[in-house]
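One structure is given below, encoded as structure tokens.
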Amino acid sequence: MSGPLDPFSCLTEVELFADLSAQEIAAMDLMAPARLFRRGELLFSQSQPVTALFILKSGRVRVFRVAEDGKALTMAILEPGAVFGGNDARRPAHV
């Protein structure tokens, strides 16, 4: 079970959650399971949009879109602390 003192928890490090109390952070941490992705793994794609919200704890994520000619066009490189997904899920993301 993950909690605010768990070394994997990162909710307290994200500005989006700065105004939440310790109890609210703990409740959200229980609802937001941690997931580890391997290098090169596709998190979501244009054809399979996701409604999940991702918080990057470590590493980097490349956000890209595939052009009509099949080439991947990098839109952004995300660093730890980045919050993405949800409504941004129209573009694929790779670890």
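Let me cross-check VAL83: its accessible surface, 1.4 Å probe, with only protein heavy atoms counted, in Å² to the nearest 10?
Approximately 50 Å² for this residue.
Between LYS71 and VAL83, what is the spin-label point distance in nm, taking each point 7 Å from the Cα along the Cα→C-beta axis?
Taking the two extended label points, one gets 3.5 nm.
With labels modelled as points extended 7 Å from the Cα through the Cβ direction, what inter-label distance (nm, one decimal) is found for ALA18 paired with THR51?
2.9
The values are calculated or read from the model by the stated rules, or taken from the named source; none is laboratory data. Everything numeric here is computed off the predicted structure, so don't read it as measured data. For neighbour counting, all protein chains shown are included, and Cβ atoms are generated from backbone atoms with ideal geometry for every residue, glycine included. These area figures cover heavy atoms from the full protein model, side chains too; ligands, DNA and RNA do not enter into them. Shrake-Rupley method; radii C 1.70, N 1.55, O 1.52, S 1.80 Å.
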